[in-house]
Every structure is written in structure tokens, then in C-alpha cells.
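**Student:** Handing you this structure, nothing more for now.
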Amino acid sequence: MDHALTATKQEQAEAAAFDRRDTSLVLAHVLLAFGALLLGGVAGLLQGLVRGGVITLPGGIGYYQLLTAHGVLMALIFTTFFIIGFLYSGMAKNMGGALSETARRLGWIGFWLMAVGTALGTVMILTNQATVLYTFYAPMKASPLFYIALALVVVGSWMSGYGIFSHYRWWKKNNKGKMSPLFSFMAVATMLLWQICTIGVAVTVLVQFIPWSLGWTDKIHVMISRTLFWYFGHPLVYFWLMPAYICWYVVVPKVIGGKIFSDALARLAFVLFILFSVPVGFHHQLTEPGIAPVWKYLQVILTFMVIIPSLMTAFAMFATFELYGRSKGAKGLFGWLKFLPWKDVRFFAPFMGMLIFIPAGAGGIINASHQLNTVVHNTLWVTGHFHLTVATTVALTFFGTAYWLIPAVTGRTLTPKLNRLGIIQTIVWVVGMLIMSLSMHTVGLLGAPRRTAYTTYQDYPDALGWIPYQVVMAVGGTVLFVSIILLVINIVLLLRAPKGYTEYPIAETAETAERTPRILERWGLWASLVVVLVLFAYTVPFAEMLQHAGPGSKPWVTW
Ligand code: HAS
């Protein structure tokens, strides 16, 4: 009898297992992502030590070079590879059980283009030919090969996006009239946002940086390049955040044993991200001359609009937790807290990300508040802000995802021991980040500039007061590095975990939720609306930048 039961369970498990043809595609992305995280983590630790004057590296490897490697590898490469791997896994799992041939092929083309770009870019940075930080602002100039590497990563990610779109279309064709599963809808929304926003970075790289670095043009229009970068740079942060939200909306409810609060609300939040995350780049340029205040004001208003989908997400997550807790008999305002699975890393890591997103988001609102921005802009406060957002909320959610995703796609088990190690690694990360980020926020308020080498730093009259915070930051950074090492060890252990079945957790929507309006899946409508908003927010200021390019300059040459 027992045996029969086991056999049935095994059959079910086999039926639910991840399609092996897609395993290598997902795994290649995820492992390259964590490789980049490790290398970026080493660069992060070293930049802190070099900056603090604790060590001197051979070959004159300096602070800005290490900071560039740290930013590019962690913020751009780790995130992009992990996101694409995760989205492909969900497309395969949720839409037909396996990827279509076209999607898989496009996924591999994308992977290789991005991998070659990453390798080339990393070599350029490590050989000091691209010490331009992850924002690569003009007039800092890198080797043309660095910009070509960036172009390869962007074009590769476009291919991966086309793969996701093609799989979605294939499923829609075979499931006429049906609403797409929530995960796939969100994956398409994320990649649509990516296609729209990367146009900015592609234009500045192809039209401005490559000709300029090759010596074909002798000038570069700095304002235009910064504007095109930030047209890309802000939606970039939502490209990081949206996959984390996919985990929160779709995976976390299943892990806790609950349901998705509202499918319609989740889709609406993603549509709002598409609409409002692009026309807001000026909130990174509030202190810059050359943009009329009225356009900055407009984009500040739009920035406040893009806070709404995050507030909706907070509401939905509270509702999911509370509904589940109450179904188990929870009482009082926060009684549901004790029914959550605190000892399950699949929940614990993303939950810590959520918790930290409350102060992190509040920091973002301060940044966006025009006048307050003048207090914090270009200080270490901003560095603290993005370490709480991307490096905590997003990173912890991705770590928590990796703990079940890797065994789920490789047919192995997340053992209780590995689960415990995952929780320890998460706690170490949270402790390190709180130490580092709190001191960054505080010293930022005292006026300490960001991205500044210690030697330059000493020229500031207030620098002495900042030194204790520097030390605390270094301590936090070291704790974080320990967490990265633990993570890498855990990943190796996951790859060698006992063979078996690990669930790919996808929740169902609560029975009480309202029906999802079909209009939410009208991609053409949302894409057209975002084009209108972008034209509205950017056309006039962009034309003014070209027109006032400086006495005697020829905008068509200099930009
Ligand atoms: Fe930001 C600068 C404004 C969010 C990343 N941001 C940056 C930079 C990065 C970055 C990398 O307006 C620096 C770029 C550089 O190198 O120069 N940011 C915002 C605003 C938001 C925001 C308004 N940022 C993010 C996210 C990021 C990110 C997300 C990465 C993933 N940011 C700015 C501005 C600047 C900026 C200016 C320029 C500063 C300058 O001067 O240079 C908003 O999207 C934030 C909204 C978030 C919330 C929080 C919602 C809370 C939730 C959690 C719920 C918790 C639960 C658990 C359910 C409103 C969803 C509860 C359980 C309990 C027990 C309580």
C-alpha cells in the first residue's frame, strides 16, 4: 500500500518536473549571474579597502576601476542574467510545460551575445580601459570595445525578450480566448518595459559613444548622453524590481500555503509600471542645468505616480498574509505574523526584502521630492538608497528564488540542511546591509560625497567627521562579502543535492478575487500610451538641449 502511494507520488512528481530541454538554458543564465555576483563582490570588497587606504593593489588597480567592476557586474550583469533565466523558467513552466523551439533558440542566442559582451566588458574594466563607472557618464571616455560590449549585452537581452514574446504568442495561439497565466503576463510586461527603455542606452552608445571613442567625432553632447542614459536608468530599476514582484505575487503566496489576493490588481500594478517608469529620468537630473524647471516638475509628478504600483503591491502582500493567517485562526492586527513560515528560506529571504523595502521606498520618495533631492543628491545617502533597494529587496528575493529554482530545474531537493544554510546566509546579508546602508545614509546626510576616492575626499573640510562612518561601512561590506561566499557555497551544494523533486511554486488566485478585466492584456494600448507619455515628457526639453548645444557647436555632430 505504502509502496503504491509512493509510486503515485513519484509519478506525479515526474509529471510536474521541469522539462530537461530548458534546464540548461535557465541554469546557464543563473550560474553566470552568480559568477558575476562573486566577481563583483570581490571588486566591492577591494574598492572599500583601497579607498580606505588599507591596501594597495599591484598594477596600480585603483578605486574607480574597482568601483566600475563592482557596479557593472552586480547592478547590470548579475541582475540581467538572473532575471532572464528566471523569466524563461516561468514561461516554460506556466505556458505549456516547455519552451517552444523558437523561444529556446532565441534564448540561447541572447545568452551568448550577452555572455560575450560581459566577458569583453569585464576585460576592458580590469585592464583599466573602461574606468567610467556603471553609469559611464560622458565626458569620461572608455575604449570603444567597452561600448561595443555594452551594445552586445543590450542586443542579447533584446533577443531574450523576443524569445519570451514569441513563446507567449505561441501559447496564445494555442489557447485562443484564454487569459495568460499571471507569471507569463508579468514576464511579458517586464520585457516590454525593457525593450522600451533600452532604446535610450542603445541610442547613446551607438550614436554618441562609439563614434566618439573611435575618434570619428571630436565632441560629445554631455547633456544628451546623460538624458538618454537616465531615460534608460530609471526604468532599469523597475526591470530589477518587477521580477522580484513576480516572486512576491506568484511564488510567495504558494510557499506560505495561501492564495494570490487579486490577479487583476497584480496585472494593473505591472501595467502602471510600464506606463510610469519610463518618463521619469529627470528625477536623476534635478540638479542639472539645461533642463527647464517645468519639465523637471512634470517628471517629479510622474515619479510620484510610479510609487502607486508599489503601494498597491504592499497592500496586496499584506492582504495575502492576513487572509492566510485568518484562515488559520489568527486574531488581532498583526496576529497573522506568527502563522508565516519563518523557517522556510523560500519565504524568509523575499520577506526580509519586503520588510526592508518599506524604509528603502521611503528613501526613494525623499530622493524624488525635488527640494529634498538637493540635500541628498550625489551624497552617500543615494548609495545607501540603492543598496537597500536593488542590493537588498531585489537581491534577497533573487537569492530566495535561487534556493528553490536551482533544485526545481535540475531535479534535486532543497534539503532541510540547505534550507537552514540559506536562512543563515540571508541573515548575514541583512545584518551586513543594515550596518553598511545605515552608515551610508547617515554620512550622506552629513554631506559625504559618493563615488569619491579617499585622496580627494580628504580635501573636504568635513572629512574627519565622516571617517568613523567609513569604518562602519567597511565592516558592513565585509559581512556582506561573507554572505556572498556562503551563497556561492550553498549554490554548489544545491547543484550536488540529492536527486529528487522540488516544487516550482505557483499560487492560485483567491476565490473571492474579482474577475480580471481583459483590457489589461491589451499590450498595444499600453505600449502606445507609454509612447505618448514619453513624447510629452521628453520632446521639448530634448529639442531645447539640441538647440542650446553651446556657441558654435553643431548638434548633429556633437551628439
Ligand atoms: Fe531609486 C536613485 C527615487 C525605488 C534604485 N534609485 C536610485 C539609484 C538606484 C536606485 C540604483 O527621485 C542611483 C542611481 C545612480 O547611480 O545615480 N527610487 C525612487 C523612488 C522609488 C525608488 C521614488 N530605486 C527604487 C528601486 C530601486 C532603485 C525599487 C532598485 C531596485 N531613486 C529615486 C531618485 C533617485 C534614485 C529620485 C535619484 C537620487 C539622486 O539625486 O541621484 C519608488 O519606486 C519607491 C516606492 C516604494 C515603496 C515601498 C513599498 C513597500 C513594499 C513592501 C511591503 C512590505 C510587506 C511586508 C508587505 C512605496 C511593497 C510587511 C511586513 C511587516 C511585518 C510590516
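The values are calculated or read from the model by the stated rules, or taken from the named source; none is laboratory data. Computed from a predicted model, the values in this text were never measured in an experiment. Glycine gets a Cβ as well: all are built from the backbone with ideal geometry, and neighbour counts include every protein chain shown. Keep in mind that these areas ignore ligands, DNA and RNA; they rest on the heavy atoms of the full protein, side chains included. Shrake-Rupley method; radii C 1.70, N 1.55, O 1.52, S 1.80 Å.
**Student:** With respect to residue 449, determine if the residue is over 20 Å from residue 366 (Cβ atoms), at pLDDT 85 or above and open to solvent by 10 Å² or more (accessible area, probe 1.4 Å).
**Tutor:** Taking the combined requirement at face value, the residue does not satisfy it.
**Student:** Here's a follow-up. Just to be sure before I move on: is residue 230 near the ligand (Cβ under 10 Å from one of its atoms), open to solvent by 10 Å² or more (accessible area, probe 1.4 Å), over 17 Å from residue 346 (Cα atoms) and assigned to a helix (DSSP H, G or I) in the structure I sent?
**Tutor:** For residue 230, the condition - near the ligand (Cβ under 10 Å from one of its atoms), open to solvent by 10 Å² or more (accessible area, probe 1.4 Å), over 17 Å from residue 346 (Cα atoms) and assigned to a helix (DSSP H, G or I) - is met.
**Student:** Next question, about the same structure. Run down 452, 478 and say which single residue is within 24 Å of residue 134 (Cβ to Cβ) and outside any helix (DSSP H, G or I).
**Tutor:** 452 is the lone residue from the list that is within 24 Å of residue 134 (Cβ to Cβ) and outside any helix (DSSP H, G or I).
**Student:** Out of 535, 434, 495, report the one residue that is within 30 Å of residue 27 (Cα to Cα) and of a type in the set (A, V, I, L, M).
**Tutor:** One residue alone meets the criteria, 495.
**Student:** Among (1) under 23 Å from residue 206 (Cα atoms); (2) touching a helix residue (DSSP H, G or I) at 6+ places or on another chain (Cβ under 6 Å); (3) open to solvent by 20 Å² or more (accessible area, probe 1.4 Å), where does residue 146 come up short?
**Tutor:** (3)
**Student:** What residue, among those in region 300-319 that are open to solvent by 50 Å² or more (accessible area, probe 1.4 Å) and near the ligand (Cβ under 8 Å from one of its atoms), is nearest to the chain's Cα centre (by Cα)?
**Tutor:** The qualifying residue nearest to the chain's Cα centre (by Cα) is 311.
**Student:** Scan region 342-351 and give yes if some residue there is of a type in the set (Gly, Ala, Ser), in contact (Cβ under 8 Å) with a residue 60 or more places away in the chain and in a helix (DSSP H, G or I), otherwise no.
**Tutor:** Yes, region 342-351 contains a residue that is of a type in the set (Gly, Ala, Ser), in contact (Cβ under 8 Å) with a residue 60 or more places away in the chain and in a helix (DSSP H, G or I).
**Student:** Select from region 338-364 the residues that are open to solvent by 60 Å² or more (accessible area, probe 1.4 Å) and near the ligand (Cβ under 9 Å from one of its atoms) and write down the one among them that is nearest to residue 413 (Cα to Cα).
**Tutor:** The selected residue is 355.
**Student:** Still on this structure, please answer the following. Given the conditions (1) part of a helix (DSSP H, G or I); (2) open to solvent by 10 Å² or more (accessible area, probe 1.4 Å); (3) more than 14 Å from the ligand (Cβ to nearest atom), report the number of the one that residue 204 does not fulfil.
**Tutor:** (2)
**Student:** Still on this structure: Tell me which residues, restricted to region 123-142, are away from the ligand (no atom under 14 Å from the Cβ), open to solvent by less than 20 Å² (accessible area, probe 1.4 Å) and assigned to a loop (DSSP other than H, G, I, E, B).
**Tutor:** 130, 138, 142
**Student:** Could you identify the single residue in 374, 383, 389 that is open to solvent by less than 20 Å² (accessible area, probe 1.4 Å), part of a helix (DSSP H, G or I) and polar (S, T, N, Q)?
**Tutor:** Of 374, 383, 389, the one residue that is open to solvent by less than 20 Å² (accessible area, probe 1.4 Å), part of a helix (DSSP H, G or I) and polar (S, T, N, Q) is 383.
**Student:** A further question on this structure: What are the residues in region 68-90 that are farther than 17 Å from residue 152 by Cα and more than 14 Å from the ligand (Cβ to nearest atom), if any?
**Tutor:** 69, 85, 86, 87, 88, 89, 90
Conditions (1) open to solvent by 10 Å² or more (accessible area, probe 1.4 Å); (2) at pLDDT 95 or above; (3) over 23 Å from residue 110 (Cα atoms), marked per residue:
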| position | (1), (2), (3) |
| --- | --- |
| 164 | no, yes, no |
| 179 | yes, no, yes |
| 183 | no, yes, no |
| 195 | yes, yes, no |
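**Student:** Of the residues 140, 124, which is hydrophobic (A, V, I, L, M, F, W, C) and either touching a Lys or Arg at 6+ places or on another chain (Cβ under 8 Å) or at pLDDT below 95 (or both)?
**Tutor:** 140
**Student:** I want to confirm something. Restricting to region 233-263 and keeping residues that are assigned to a helix (DSSP H, G or I) and among the aromatic types (Phe, Trp, Tyr), which single residue is surrounded by the fewest Cβ atoms within 10 Å (Cβ to Cβ)?
**Tutor:** Taking the candidates together, the pick is 239.
**Student:** Sticking with this one: Cβ-Cβ distance below 6 Å, separation of 6 or more or different chains: which pairs start in region 86-105 with a residue that is surrounded by fewer than 23 Cβ atoms within 10 Å (Cβ to Cβ) and end on one that is of a type in the set (S, T, N, Q)?
**Tutor:** Every condition considered, the pairs that remain are 94/184; 102/166.
**Student:** Scan region 458-480 for residues that are aromatic (Phe, Trp, Tyr) and crowded, with 17+ Cβ neighbours inside 10 Å and report the count.
**Tutor:** Within region 458-480, residues that are aromatic (Phe, Trp, Tyr) and crowded, with 17+ Cβ neighbours inside 10 Å number 2.
**Student:** Another question, then. When you check residue 153 against the structure, is it within 16 Å of the ligand (Cβ to nearest atom) and crowded, with 22+ Cβ neighbours inside 10 Å, yes or no?
**Tutor:** Criteria not met by residue 153.
**Student:** Take the residues of region 401-444 that are under 17 Å from residue 497 (Cβ atoms) and of a type in the set (Phe, Trp, Tyr): which is surrounded by the most Cβ atoms within 10 Å (Cβ to Cβ)?
**Tutor:** If we take residues in region 401-444 being under 17 Å from residue 497 (Cβ atoms) and of a type in the set (Phe, Trp, Tyr), then 403 is surrounded by the most Cβ atoms within 10 Å (Cβ to Cβ).
**Student:** Looking only at region 320-330, which residues are assigned to a helix (DSSP H, G or I) and either surrounded by fewer than 17 Cβ atoms within 10 Å (Cβ to Cβ) or near the ligand (Cβ under 8 Å from one of its atoms) (or both)?
**Tutor:** Within region 320-330, 321, 326, 327 qualify.
**Student:** Pull up region 247-299, narrow it to residues that are within 13 Å of the ligand (Cβ to nearest atom) and touching a strand residue (DSSP E or B) at 6+ places or on another chain (Cβ under 7 Å), then point me to the one that is farthest from residue 224 (Cα to Cα).
**Tutor:** 253
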